[in-house]
Amino acid sequence: MTIASSSPPSRLPRGDAERAPTTPRAARAGAGDSGGDGRLAAVFIAPAFLGFVVFLLWPTLRGIYLSFTRFNLLTPAEWVGLDNYVRMVHDPIFWDSMKVTVEYVVINIGLQTVSALAIAVLLQRLTQSALLRGIVLTPYLMSNVVAGLVWLWILDTQLGIGNEIVTALGFDRIPFLADETWAIPTIALINVWRHVGYTTLLLFAGLQAIPNDMYEAARVDGASEWRMFWRITMPLLRPVLAVVLIMTVIGSFQVFDTVAVTTAGGPANATNVLQYYIYGSAFGRFQFGYASAMSVALLVVLSAITILQYRLTRAGRSDLG
Amino acid sequence: MATVTTTTPTTLRPVQRKFPLGRAAAWTVMGLIILITLLPFYWILRTALSTNAGLSADPTNPLPVDLTTSGFERALGMQSAEEAVKQGGAGGGLDFWRYLLNSVLVSTLITGCQIFFSAMAAYAFSRLRWRGRDKVFGLFLAGMMVPAIFTLLPNFVLIKQLHLIDTLLGIALPTMFMTPFAVFFLRQFFMNIPQEVEEAALLDGAGKIKIFFRVVLPMASTPVITLGVLTYITSWNDYFWPLMVSYSDSSRVLTVALAVFRAQTPATGVDWSGLMAATLIAALPMLVLFACFARRIVSSIGFTGIK
């Protein structure tokens with residue numbers, strides 16, 4: 001910094017003259033004592049704070065409030081107590097969509113985590129090429145809509161190249177998105193394709209933090225790559241893996257776009273994931289109160305998962321050393 | 001260390017001799033992964049350059065069938081309705097340039113404002129001293145836990161009450177001022193700037209505002225650019241919120257337009273050529289943006305999620 005080297009004390013403005021000769025530590029303490037930069041901080045934080053209160057804090061509280069009302073946008077919200085929640089508990093479609101969502105999350109996260117881990121380890125052990133890492137990330141640049149449309153075309157039952165490959169490999173044709181049992185795994189796979197690169201890079205960053213000498217030393221001892229993976233990579237990566245899991249699970253629960261452009265909830269509600277059902281209730285049937293109640297349910301599920309995963313991570317952190 | 005270096009040749013030789021096989025297998029897997037990653041992109045291009053008639057006649061041809069730019073013309077609304085229908089497309093008008101412009105406007109507005117305001121807040125949270133700072137920051141952090149879906153419905157109601165439904169501002173507003181993540185992300189970087197740098201500037205007579213613009217922001221240009229590109233990609237790709245807010249061409253962004261394009265064509269006999277051309281046009285700006293900043297983003301992405 002040029003500013004640092006060329007600053008004769010004589011050029012100090014008057015206001016700062018008193019603090020000028022003090023050491024940095026004293027100057028810091030002085031700033032704290034005088035109440036600091038309260039007014040300036042207020043100005044600097046004002047826009048973000050406004051956005052936070054208006055579009056995050058207030059909507060959160062309002063969403064909870066709306067879940068206790070009957071509200072269709074046209075007339076004012078009418079307080080109905082726990083009606084929406086009672087209805088939710090007795091709504092078989094809600095439970096179905098919860099089940100479908102969980103099924104999606106399990107397949108999506110399972111496949112994504114395992115493949116991201118495999119790719120990250122391959123990248124780390126084979127090459128440090130930034131180009132390869134860039135290539136792995138490219139699907140992340142697509143929107144879910146684009147990814148959904150492309151795979152809809154590739155997996156098209158009549159003209160898609162997907163089934164041509166399947167039959168060329170000697171299997172029967174698969175009605176990927178048109179069949180009740182295949183639809184959710186297919187959507188899960190599409191989203192693995194789109195998101196795995198990002199997860200890979202997060203894990204790769206975690207792998208970079210593991211000192212290379214550990215692998216060198218292990219190799220000298222004659223350890224195989226497989227053994228090094230289980231004895232070095234996995235234990236040391238576990239905290240990072242846990243954080244990545246929390247993030248991806250939360251993201252995965254909110255699947256919507258891909259469903260909306262590929263199956264629109266069908267066939268026969270087989271892909272009617274929770275967020276899609278919430279959307280339908282709000283904008284298809286204008287039951288904003290009921291949709292809000294289901295959002296609260298989703299929020300509770302996600303919070304529970306987050307807390308549970310944090311607990312498990314903490315518990316596991318001690319033995320990492 | 002000495003012992004290690006001397007034993008290396010003898011102990012490593014058998015390992016190295018065995019390694020090429022494992023390495024070859026690993027590279028094969030890597031190659032396969034790259035193929036699966038990139039093939040859909042090629043397939044978009046191949047389909048976009050084919051005719052719909054050609055596609056149904058020869059679905060497995062790895063090259064474009066009846067090479068043509070007709071799909072792109074249809075996607076960009078350069079084809080007459082009759083011609084479009086003849087080519088297997090929908091007769092409805094599509095104003096692609098407008099959606100493209102809308103996407104650019106919305107994403108630029110969100111990214112520019114969000115990064116700037118978040119940086120200001122991050123500066124106040126990291127380099128300024130004021131009472132209640134940590135409590136307010138804790139509140140922001142807690143906001144990170146609220147999933148987007150939860151605030152979408154109430155925000156829709158709010159935007160409707162503000163009469164901003166079907167406007168670009170309505171799409172941009174909720175994320176224009178901040179996201180807790182952006183504030184958190186930048187604060188991490190600002191905190192790592194040595195106190196001495198700031199003090200030197202203070203001694204030099206610079207005010208805190210000047211320090212923010214002349215010292216802190218330039219020093220954090222890499223994270224600011226990374227966050228900017230990621231925010232741009234996220235807002236460009238967003239679908240759910242724009243879908244809720246926009247009803248007409250005036251505020252329709254590319255993601256929503258694509259879904260509409262898809263919905264307009266009949267379920268039997270989808271205009272795949274036009275659809276893939278449109279998909280490519282929608283995705284291209286992000287591919288170019290990424291190509292420009294790839295190295296920086298790729299190397300700093302690990303930071304975004306974990307720290």
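For the range A:40-98, treating each Cα as an identical point scatterer without solvent, what Debye log10 I(q)/I(0) comes out at q = 0.21, 0.30 1/Å? Evaluating at q = 0.21, 0.30 Å⁻¹ gives log10 I(q)/I(0) of -0.88, -1.09.
Among the DSSP helices (H) of chain A, those spanning at least 24 angstrom by Cα along their long axis with an average Kyte-Doolittle hydropathy of 1.6 or more are A:234-253; this is a geometric and hydropathy rule only. Among A:122, A:131, A:40, determine the one that fluctuates most according to a GNM of chain A built with springs between C-alpha atoms less than 10 Å apart. Fluctuation is largest for A:40. Test of understanding: in a Gaussian network model of chain B with alpha carbons linked when under 10 Å, which of B:157, B:256, B:229 would top the mean-square fluctuation ranking? Maximum among the listed residues: B:157. Put simply, the Cα atoms of the range B:143-273 extend 71, 38, 28 Å along their principal axes, the longest span coming first. Modelled label positions at residue A:58 and residue A:75, each set 7 Å beyond Cα in the direction of Cβ, lie 2.6 nm from each other.
Averaged over the residues of B:115-123, the number of partner chain Cβ atoms lying within 10 Å of the residue Cβ comes to 4.
When +1 charges are put on Lys and Arg Cβ atoms and -1 charges on Asp and Glu Cβ atoms, the dipole computed for the range A:44-121 relative to its Cα centre reaches about 160 debye. Modelled spin-label separation between residue B:39 and residue A:50, with each label point placed 7 Å from Cα along the Cα-to-Cβ direction: 5.2 nm. Of the peptides B:201-208, A:88-95, the order by per-residue mean of other Cβ atoms within 10 Å, starting with the highest, comes out as B:201-208, A:88-95.
Expressed per residue, the C-alpha convex hull volume of the protein assembly as shown stands at 201 Å³. Note on residue B:287 and residue B:250: the model spin-label points, each 7 Å out from Cα along the C-beta direction, lie 3.4 nm apart. Ranked from largest, the principal axis spans of the Cα set of the range A:126-281 equal 57, 41, 28 Å. Please name which of A:236, A:201, A:153 has its Cα lying farthest along the dipole of the protein assembly as shown towards the positive end, using unit charges on Cβ (Lys, Arg +1; Asp, Glu -1) and the Cα centre as origin. Positive-end residue among those listed: A:236. Counting Cβ atoms of other protein chains within 10 Å of each Cβ in B:139-147 and taking the mean gives 5.
Above 24 Å, the calculated P(r) of the range A:220-321 contains 47 percent of its Cα-Cα pairs.
Size descriptor for the range A:189-248, Kirkwood hydrodynamic radius: 12.7 Å (Cα pairs only, one decimal). Comparing B:214, B:252, B:262 in a Gaussian network model of chain B where C-alpha atoms under 10 Å apart are linked, the largest mean-square fluctuation is found at B:214.
Which order do peptides A:230-242, A:263-275 fall in by mean Cβ count within 10 Å, highest first?
Taking the mean over residues of other Cβ atoms within 10 Å, the ranking is A:263-275, A:230-242.
With K and R counted +1 and D and E -1, the other residues having a Cβ less than 12 Å from that of residue A:174 yield a net charge of -3.
With +1 on each Lys and Arg Cβ and -1 on each Asp and Glu Cβ, how big is the dipole of chain A about its Cα centre, in debye rounded to the nearest 20?
Numbers: 22 positive and 20 negative charges, 216 e Å.
Here the size comes out at about 1040 debye.
Note on chain A: helix-only mean residue ellipticity at 222 nm, from DSSP H runs of 4+ residues weighted -39500 (n - 2.57) and normalised by residue number, equals -21000 deg cm²/dmol.
How fast does the range B:216-287 diffuse by Stokes-Einstein, in µm²/s, taking the Kirkwood radius from C-alpha pairs at 10 °C and 1.306 mPa s? Write down the numbers at each step before the final one.
Values: Rh = 14.2 Å.
My calculation gives 111 µm²/s for D.
Seen from residue B:67, the other residues with C-beta closer than 15 Å to its C-beta sum to a net charge of -2, counting Lys and Arg as +1 and Asp and Glu as -1. Counting, for every residue in A:273-284, the Cβ atoms of other protein chains within 10 Å of its Cβ and taking the mean gives 2. The calculated Kirkwood hydrodynamic radius for the range B:21-173 is 21.3 Å, given to one decimal from all distinct C-alpha pairs. Between residue B:163 and residue A:216, the FRET efficiency from the beta-carbon distance, with R0 = 60 Å, is close to 0.35.
Paramagnetic label reach from residue A:179 (point 7 Å along Cα→Cβ; backbone nitrogen cut-off under 13 Å): within the range A:87-124, no residues. At each listed q (0.15 Å⁻¹), what is the log10 of I(q)/I(0) that the Debye formula gives for chain A modelled as equal alpha-carbon point scatterers? So the normalised log intensities are -1.24.
When you count the other C-beta atoms within 10 angstrom of each residue and take the mean per peptide, A:181-188, A:196-203 line up highest first as A:196-203, A:181-188. The Cβ shell under 12 Å around residue A:156 holds other residues with a net charge of 0, Lys and Arg each +1, Asp and Glu each -1.
Sites listed here are trypsin sites (Lys or Arg not before Pro) in the range B:109-184 whose DSSP assignment is loop and whose Cβ has at most 12 other Cβ atoms within 10 Å: B:131.
Rg/Rh for chain B stands at 1.10; both radii use Cα atoms, and Rh follows the Kirkwood definition. In a reduced charge model with +1 at each Lys and Arg Cβ and -1 at each Asp and Glu Cβ, the protein assembly as shown shows a dipole moment near 2120 debye about its Cα centre. The residue list A:304, A:287, A:52 was ranked by how far each Cα lies along the charge dipole of chain A toward its positive end, using unit charges on Cβ atoms, and A:52 comes out on top.
Bear in mind these aren't lab numbers, they're just calculated from the coordinates by the rules spelled out. The shown structure was predicted, so the numbers you read here are calculated from the model rather than taken from an experiment. Every residue, glycine among them, receives a Cβ derived from its backbone with ideal geometry; neighbour counts consider all protein chains shown.
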